[in-house]
Amino acid sequence: MKLNRLIGSSPDTRGCEVSVLTQRRGSLTHKNCRLEYGVTRRVLLVGPWALKVPAVTEWRLFLLGLLANMQETLWSKTGWPELCPVLWSVPGGFLVVMRRARILTEDEFLALDMESWVDRGDYIVPAEIKSDSFGYLDEADFVNCQLVAVDYGN
Ligand SMILES: Nc1ncnc2c1ncn2[C@@H]1O[C@H](COP(=O)(O)OP(=O)(O)O)[C@@H](O)[C@H]1O
Ligand SMILES: [Mg+2]
């Protein structure tokens with residue numbers, strides 16, 4: 001089966017299970033890996049981390065991806081609890097390492113009033129209102145479970 005058919009067959013997003021791909025490519029082998037395709041970035045989800053790099057398909061998108069990574073690095077420094085924390089980054093926006101969240105399903109997104117949620121009173125969470133901009137951290141922990149924005153670099 002061709003690689004793009006594997007990607008296209010992913011049930012919920014344009015992402016693909018790297019564990020499946022690697023059997024074809026022979027590179028990554030970790031089962032808990034996933035590759036997601038954002039508008040301006042590619043995001044490798046590995047264990048508890050999300051590694052974001054600019055897309056290289058087009059020069060314009062690459063530049064926007066650099067800017068988005070730089071923006072997220074800056075915004076994360078506010079310490080606002082609604083932003084998925086950037087743990088580490090490379091200057092210039094070439095790489096951002098974030099905590100990995102569990103992205104909202106469409107049903108969860110529709111059940112939540114995210115328009116209101118982003119308005120915190122003192123500030124607005126800078127995320128586009130769509131399901132894959134948000135996710136949960138520490139979902140298994142009833143006390144510390146936290147809804148966060150994962151795409152706030154635009
Ligand atoms: N911290 C994260 N944890 C889990 N998944 C993430 C995280 N950040 C991004 N993703 C996934 O990767 C996709 C693309 O990342 P995103 O930040 O939206 O890139 P872009 O700005 O290029 O759209 C997201 O829609 C989401 O599915
Ligand atoms: Mg996005």
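Taken together, the values in this text are just the output of simple stated rules run on the coordinates, not laboratory data. Here the structure is a predicted model, which is why all the values come from computation and not from measurement. With ideal geometry, Cβ positions are generated from the backbone for all residues, glycine too; neighbour counts draw on all protein chains shown.
Quick notes on this one:
- Debye-formula intensities of region 32-149, expressed as log10 I(q)/I(0) at q = 0.10, 0.20 Å⁻¹, are -0.30, -1.21 (one equal scatterer per alpha-carbon, no solvent).
- In this simple spin-label model, placing a label point 7 Å from the Cα along the Cα-to-Cβ direction at both Leu74 and Arg120 gives a separation of 1.7 nm.
- Taking 0.36 nm per residue of sequence separation and removing the Cα-Cα distance, the Thr57/Tyr37 pair yields an extension gain of 6.1 nm.
- The calculated FRET efficiency for Phe142 paired with Leu44, based on their beta-carbon distance and R0 = 25 Å, is about 0.30.
- Once divided by 2.2 N^0.38 Å, the Cα radius of gyration of region 33-93 becomes 1.11.
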